[in-house]
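Have a look at the structure below, then the notes.
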Amino acid sequence: MQELAYGIKQSGKHFLWVVRASEEGKLPKGFVEETSTKGLVVHWCSQMEVLAHKALGCFVTHCGWNSTLEALCLGVPMVAVPIWTDQRTNAKFVADVWRMGVKVDIDENGVFKGEMVQHYMSINEFVASLTQRPKS
């Protein structure tokens, strides 16, 4: 969670991040306060409403099947950060087959670098290329 927080913060983009109350202690100290002008950390929100919102640029997701399907159906570009089981397969399909996003590289210990999230969130051309695709 530390690396994801780092990447989101360093991107300089506006964000909404859903973090379960039980996981909030894993956020870097001062993260919520330091990013309060750019982002909002909440315990819950209606994912479908967020994904359907016109202001959404991209969806940083673990690529669970429901989240992946919802984003695909709404034509939302994804930055895939899979953690375990089917998420890795879903992320591969998002990036390589459906071409609706990119997969953040993860090492053999399941760790990724926040710089990768920052990189993909910051590339306006990447987001624009995916959001301007015809939606079927």
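The values are calculated or read from the model by the stated rules, or taken from the named source; none is laboratory data. Please read all numbers here as calculations on a predicted model, not as lab measurements. We place every Cβ from the backbone using ideal geometry, glycine too, and count neighbours over all the protein chains shown.
Points to keep in mind about this one:
- Residues within the range 94-114 that are out of contact with any strand residue (DSSP E or B) (no Cβ under 8 Å at 6 or more places or on another chain), among the charged types (D, E, K, R) and surrounded by 15 or more Cβ atoms within 10 Å (Cβ to Cβ), tallied: 1
- Check on Gly7, at pLDDT below 95, in a loop (DSSP other than H, G, I, E, B), within 20 Å of Glu115 (Cα to Cα) and small (Gly, Ala, Ser): no
- Lone qualifier among Ser36, Ser67 - being in contact with a Phe, Trp or Tyr (Cβ under 8 Å, 6 or more places away or on another chain) and among the small types (Gly, Ala, Ser): Ser67
- Residues that are touching an Asp or Glu at 6+ places or on another chain (Cβ under 8 Å), within 27 Å of Glu24 (Cβ to Cβ) and modelled with pLDDT under 90 do not occur anywhere in the range 63-79.
- Residue check, Phe15 under 12 Å from the mean Cα position of the chain (by Cα), surrounded by 15 or more Cβ atoms within 10 Å (Cβ to Cβ) and either on the phi > 0 side of the Ramachandran plot or aromatic (Phe, Trp, Tyr) (or both): yes
Residues checked against (1) touching a residue at least 60 places away in the same chain (Cβ under 8 Å); (2) within 13 Å of the chain's Cα centre (by Cα):
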position	(1), (2)
Ala5	yes, yes
Val42	no, no
Thr61	no, yes
Glu70	no, no
Val104	no, yes
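- Residue check for His53: under 25 Å from Asp96 (Cα atoms), without any contact (Cβ under 8 Å) to a residue 40 or more places away in the chain and of a type outside the set (Ser, Thr, Tyr): no
Rundown of residues vs (1) modelled with pLDDT of 95 or more; (2) at positive phi; (3) touching a Gly at 6+ places or on another chain (Cβ under 6 Å), yes/no style:
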{"site": "Glu3", "(1), (2), (3)": "no, no, yes"}
{"site": "Val19", "(1), (2), (3)": "yes, no, no"}
{"site": "Lys29", "(1), (2), (3)": "yes, no, no"}
{"site": "Ser46", "(1), (2), (3)": "yes, no, no"}
{"site": "Glu49", "(1), (2), (3)": "yes, no, no"}
{"site": "Lys54", "(1), (2), (3)": "no, no, no"}
{"site": "Cys58", "(1), (2), (3)": "no, no, no"}
